[in-house]
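Note sheet for the following structure.
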Amino acid sequence: MLTTISGFDRIGEENAFAVLAKANALAAGGMDVINLGIGQPDFPTPPHIVEAAVKALRDGHHGYTPAPGIPALREAVAADMTMRTGVDTSPDNILIVPGGKVTMYMAIGMFGEPGVEILYPDPGFPIYRSMIEFTGATPVPLPIREENGFAFSPADVAERITEKTRLVIINSPANPTGGVSTPDDVRALARILEVHPNVAVMSDEIYSRMTYDGQEHLSLGSFPELRDRLILLDGFSKTYAMTGWRLGWSLWPDALFDKARKLAVNAWSCVNAPAQYAGIAALTGPQDAADDMVSAFDDRRKAVTAALGALPGVTCAVPKGAFYAFPNISATGWKAKPLADALLAETGVALIGGPDFGTLGEGYVRLSYAAAKDRILEGVGRMGDFLASNPPR
Ligand code: PLP
């Protein structure tokens with residue numbers, strides 16, 4: 001009998017990948033599946049980005065790169081961050097990583113151990129809690145409530161910080177709710193963190209370029225006074241439709257950068273070179289394709305929330321960011337996961353039950369509207385027909 005560390009008895013995963021596999025299997029068996037489960041843009045990576053990777057390979061960039069990333073990409077990220085936050089950002093604090101998720105793995109791994117507490121959003125991206133559990137730290141849920149626009153409440157953060165708190169995880173715009181924190185709430189959070197100088201914060205801003213209705217995204221990177229303990233997670237997956245490239249970046253405080261770099265050297269050496277050249281093209285090249293994607297998401301967002309809100313027993317807040325709708329289904333009488341399972345098996349509509357994002361996700365399902373508009377509306381139509389003819393089980 002092999003014995004591994006106890007963390008593996010507690011580690012979770014991301015059910016969106018299991019639903020994707022099930023949906024693909026049903027589609028392979030001939031079912032007309034509408035996949036509103038997985039969170040990835042349905043657009044191709046813009047051609048100039050693809051070309052930059054191809055050119056990099058043709059030019060012979062097929063070897064190892066420096067572990068923190070090629071200098072030109074770190075400079076491009078730092079310039080982008082300086083521009084977006086108004087705070088001068090050095091490439092020396094930028095680490096290029098294989099996908100946005102890796103930053104949460106590193107940051108939670110750096111702070112989590114038995115006896116300490118880590119605050120994380122509930123409902124929220126499932127890997128936060130999974131990784132916290134893996135390290136043996138105590139996960140402290142930060143409620144993300146519909147009545148607060150699906151944004152965290154600064155008062156909730158303040159109440160939950162104890163002398164055991166080492167890390168606070170914030171995500172805005174948010175998965176799975178599409179909520180966006182108001183600039184006032186972000187400023188209030190910064191003030192709270194100022195009085196807790198030993199608490200680090202990881203701000204997951206992977207959807208930062210996707211906001212609607214003129215909603216401002218205020219980055220936690222905009223507060224120079226937090227730069228000594230802010231880990232900012234961002235990347236290319238969502239903004240540039242590059243989920244399969246596995247390319248992300250993070251900003252680290254001076255005191256943590258070398259630890260992060262060493263982790264990178266131990267685990268993956270460097271991110272694949274052509275993807276990094278593609279990243280330079282993404283950040284420094286034309287932004288029209290990325291902007292067009294946001295416009296298309298905006299159009300679908302309005303359509304999907306209106307259609308969901310018209311279903312019996314369903315209400316749907318209009319999300320201000322990311323590309324997810326998080327309708328409240330509690331008045332249908334269905335629990336979220338049985339509904340998600342039945343919808344996939346019986347109607348071919350793949351979506352994710354809210355409890356896959358935390359206990360406070362009960363009563364909700366998540367639909368990704370990163371799919372063609374007619375297919376999204378067809379999916380919501382099938383959900384309506386199903387609810388009309390199937391009492392809760
Ligand atoms: N953070 C959030 C909130 C996400 O929703 C996702 C992906 O769904 C990630 C991070 C991970 O992004 P990546 O695919 O670049 O690892």
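The values are calculated or read from the model by the stated rules, or taken from the named source; none is laboratory data. None of these values were measured; they are calculated from a predicted model. Positions of Cβ are generated from backbone atoms using ideal geometry, with glycine treated the same way; all protein chains shown enter the neighbour counts. Only protein heavy atoms, including side chains, enter the accessible area calculation; ligands, DNA and RNA are left aside. Shrake-Rupley method; radii C 1.70, N 1.55, O 1.52, S 1.80 Å.
The table for this structure:
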item: Of all DSSP beta bridges in the chain, antiparallel share, percent nearest 5; result: 45 percent
item: Qualifying aspartates and glutamates (Cα of each under 20 Å from Cα of K164; at least 8 residues distant if same chain); result: E113, E117, D122, E133, D156, E194, D228
item: Surrounding net charge for F386, when Lys and Arg each add one and Asp and Glu each subtract one, Cβ distance under 14 Å; result: -2
item: Phi-based couplings in Hz for region 177-190 (Karplus 6.51, -1.76, 1.60; Gly and Pro marked x); result: 8, x, x, 10, 5, 6, x, 4, 5, 5, 5, 5, 4, 4
item: For T315, distant residues with modelled amide H under 5 Å away; result: N328
item: Whole-percent pair-distance distribution, where bins are 5 Å wide, for the alpha carbons of region 63-284; result: 1, 7, 16, 20, 21, 17, 11, 5, 1, 0, 0
item: In degrees, nearest ten, helix 71-85 long axis to first principal axis of the chain (Cα); result: 60 degrees
item: Helical contribution to [θ] at 222 nm, DSSP H n ≥ 4, -39,500 (n - 2.57), averaged over the chain, rounded to 500; result: -13000 deg cm²/dmol
item: Exposure rank, largest accessible area first [I96, I192; 1.4 Å]; result: I192, I96
item: Using θ = phi - 60° and Karplus 6.51 cos²θ - 1.76 cosθ + 1.60, couplings along region 297-306 (whole Hz; Gly, Pro as x); result: 4, 4, 4, 5, 4, 5, 5, 6, 5, 5
item: Region 63-284 - accessible surface per residue (Å², probe 1.4 Å); result: 35 Å²
item: Choice from L367, L263, L232 showing the highest fluctuation, given a GNM over the chain with Cα pairs closer than 10 Å; result: L263
item: Percent RCO, i.e. relative contact order, over region 314-368, from Cα pairs under 8 Å lying at least 6 residues apart; result: 36 percent
item: Counting DSSP beta bridges with both ends in region 63-284, the antiparallel % (nearest 5); result: 35 percent
item: Probe 1.4 Å - accessible area at D356, Å² to nearest ten; result: 40 Å²
item: With all protein chains modelled, accessible area of H196 [1.4 Å, Å²]; result: 60 Å²
item: Choice from G248, G221, G109 with maximal GNM fluctuation in the chain (Cα, 10 Å cutoff); result: G109
item: The chain, accessible surface, carbon-and-sulfur percent (1.4 angstrom probe); result: 55 percent
item: Max mean-square fluctuation residue, GNM over the chain, Cα-Cα springs under 10 Å, options V168, V54, V19; result: V54
